[in-house]
Amino acid sequence: RVAGVFTFPGHSYAPGAAAGALADEGRALEQAAASLAAAGLPCELRSGGCTPTAPSTPGGVVTELRPGVYVFNDAQQVALGTADLDDVALCVAATVVSVPAVDRVVLDAGSKVLGPERPPWVPGHGLLPEHPGAVVSGLWEHHAVVDPGPHRLRLGDRVAVVPNHVCTAVNLATELLVASGGEVVDRWAVTARSRNR
């Protein structure tokens, strides 16, 4: 049984690309639905969407909207202008474990926590919302190197790091800690960990 058609406008993940991707998605869904109808198959479901295009997706052509990153948002969405820092709901708690130079600190969170992705339009390997101008300039499996910019970070300081791609970061975790007012109020198990095949 054919339930409908499905698309993902992934080419919206670039500065200024959302509108064009949205138009492409509408055309693709309409053409696919028309092909099914011509073959005598009803097309009740036209599923599409992603976080960069979701705010602008018109009703009608798309009957099911599937943005994923929007649940938490991430540094990539902030860089694209899809989300503001106030819209970001997930960050990694990291500790400064070394201060080898005045312009460089090392955190205990690397690619195994933050994920390895660095799109060309994002200025680093993560975003430090409490330290504007700081850049995560290097990333290894267990550590990140940060150019603190105008900020002075000291050994033992705890910092929040917003991952570039929240989906990867969540998939690397066993559980997420839910905080309110600086206190942990709940723990969410990541039951689908490593199952994104």
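The values are calculated or read from the model by the stated rules, or taken from the named source; none is laboratory data. Quick caveat, the model's predicted, so the values are computed rather than measured. Reconstructed Cβ throughout: ideal geometry from the backbone, glycine too, with neighbour counts over all protein chains shown. Just the protein is used for accessible areas: all its heavy atoms, side chains included, with ligands, DNA and RNA removed. Shrake-Rupley method; radii C 1.70, N 1.55, O 1.52, S 1.80 Å.
Tabulated values for the structure
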{"read-out": "Loop-located chymotrypsin sites (Phe, Trp or Tyr not before Pro) in region 107-193 whose Cβ has at most 15 other Cβ within 10 Å (DSSP)", "value": "Trp121, Trp140"}
{"read-out": "5 angstrom amide H check on Val5, placed H, neighbours 5+ away", "value": "Leu45, Arg46, Ser47"}
{"read-out": "In Hz, Karplus ³J(HN,Hα) per residue of region 116-126 (6.51, -1.76, 1.60; θ = phi - 60°; x = Gly, Pro)", "value": "x, 6, 9, x, x, 8, 9, x, x, 9, x"}
{"read-out": "For region 81-197, accessible area per residue (1.4 Å probe, heavy atoms of protein chains only), Å²", "value": "60"}
{"read-out": "At R0 = 25 Å, FRET efficiency that the Cβ-Cβ distance of Ala173 and Ser98 yields, to 0.05", "value": "0.60"}
{"read-out": "Estimated inter-spin distance, Ser56 and Ala3, nm [label 7 Å along Cα→Cβ]", "value": "2.9"}
{"read-out": "Rounded, prolate or oblate (a/c below 1.5 giving rounded, otherwise prolate when a/b exceeds b/c) for region 106-145 by Cα gyration tensor", "value": "oblate"}
{"read-out": "From phi via Karplus (6.51, -1.76, 1.60), per-residue ³J(HN,Hα) for region 82-98 in Hz, x at Gly/Pro", "value": "6, 9, 9, 4, 5, 8, 7, 10, 9, 9, 9, 8, 10, 10, 6, 9, 7"}
{"read-out": "Given charges at beta-carbon only (K, R positive; D, E negative), |dipole| of region 78-177 in Debye", "value": "280"}
{"read-out": "Inter-centroid distance (Cα atoms) of region 76-143 relative to region 144-197, Å", "value": "10"}
{"read-out": "Efficiency of FRET between Asp24 and Arg158 - r from beta-carbon atoms, R0 45 angstrom, step 0.05", "value": "0.55"}
{"read-out": "Order by protection proxy (mean Cβ within 10 Å, highest first), peptides 35-47, 67-79", "value": "67-79, 35-47"}
{"read-out": "Long-range amide H partners of Val92 with built H, under 5 Å", "value": "Val161, Val162"}
{"read-out": "Helix 18-38 vs. the chain, principal-axis angle (Cα, 0 to 90°, nearest 10)", "value": "30"}
{"read-out": "Region 55-111, dipole about Cα centre (Lys/Arg Cβ +1, Asp/Glu Cβ -1), debye to the nearest 20", "value": "140"}
{"read-out": "Student exercise, the chain dipole from Lys, Arg, Asp, Glu Cβ charges, in Debye to nearest 20", "value": "480"}
{"read-out": "Heavy-atom accessible area ranking, 1.4 Å probe, most first, across Asp108, Asp103", "value": "Asp103, Asp108"}
